[in-house]
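The values are calculated or read from the model by the stated rules, or taken from the named source; none is laboratory data. Keep in mind the model is a prediction, meaning the values are calculated, not measured. Ideal geometry is used to build each Cβ from the backbone, glycine not excepted, and the neighbour counts take in all protein chains shown.
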């Protein structure tokens, strides 16, 4: 028999994605700016480390995070999930921002410095307004990626109702008990959310290109 539709896993997923996105935006802005401007020999190493979650199996990343968190009582907690998600979603925030910063007109940045603006003021008042499509893309994709994450959150958070049982984990458990009716509903909601997020990004970017 299908279970009563419980929206708590989706609320937890959105809460997790929101917290992760805000934290990563704060961390990634200076990091992506540095990567876009530096000519240091360590740049390829930093880019490799930043991009590692894209190619690393989530179970591997989740395993090492779990080992570390077990020592500081963060395993199977919502805070632990947020930290783990920040590691796993980092490249989805950094790469669009870095690409946007690298595409900026260098003369515009130099003019800002010549006019007396410091680095922080240049980033806030000159760079960010001119990479709006990259900024919006980074925020939305990071949020959506975190909502749909499964491997890391299951490994680090497990499935504690109202604490770490997010939507992707709930779908997995529904399939395990062969409640395909409810699993279909949960999955359809996830498909709808993912489609609307991507559609929003593409519509926004197409509108921005018309004004360029």
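Close Cβ contacts (under 8 Å, 6 or more residues apart or on different chains) running from residues in region 9-26 that are free of Cβ contacts under 8 Å to residues at least 60 places away in the same chain to residues that are exposed (fewer than 15 other Cβ atoms within 10 Å of the Cβ) and part of a helix (DSSP H, G or I) are absent.
Every condition in (1) without any contact (Cβ under 8 Å) to a residue 24 or more places away in the chain; (2) assigned to a helix (DSSP H, G or I) holds for residue 198 except the one numbered (1). Beta carbons closer than 9 Å, at least 6 apart along the sequence or on distinct chains, pair a first residue in region 75-88 that is on the phi > 0 side of the Ramachandran plot and surrounded by fewer than 20 Cβ atoms within 10 Å (Cβ to Cβ) with a second that is modelled with pLDDT under 95 and not in a helix (DSSP H, G or I) for 76/158; 76/160; 76/163; 76/164. Scanning region 93-109 for residues that are under 27 Å from the mean Cα position of the chain (by Cα) and outside any loop (DSSP other than H, G, I, E, B) gives 93, 94, 95, 96, 97, 98, 99, 100, 101, 102.
Do you know which residues across region 146-170 are under 24 Å from residue 205 (Cβ atoms) and surrounded by fewer than 21 Cβ atoms within 10 Å (Cβ to Cβ)? Even if it seems obvious, please write down each step before you answer.
Within region 146-170, the first condition is being under 24 Å from residue 205 (Cβ atoms), and the residues that meet it are 146-149.
Matches in region 146-170: 148 only.
The set of residues in region 110-131 being modelled with pLDDT under 90 and either within 30 Å of residue 191 (Cα to Cα) or not in a helix (DSSP H, G or I) (or both) consists of 115, 116, 117, 118. From the list 64, 34, pick out the single residue that is over 21 Å from residue 146 (Cα atoms) and part of a helix (DSSP H, G or I). The conditions single out 34.
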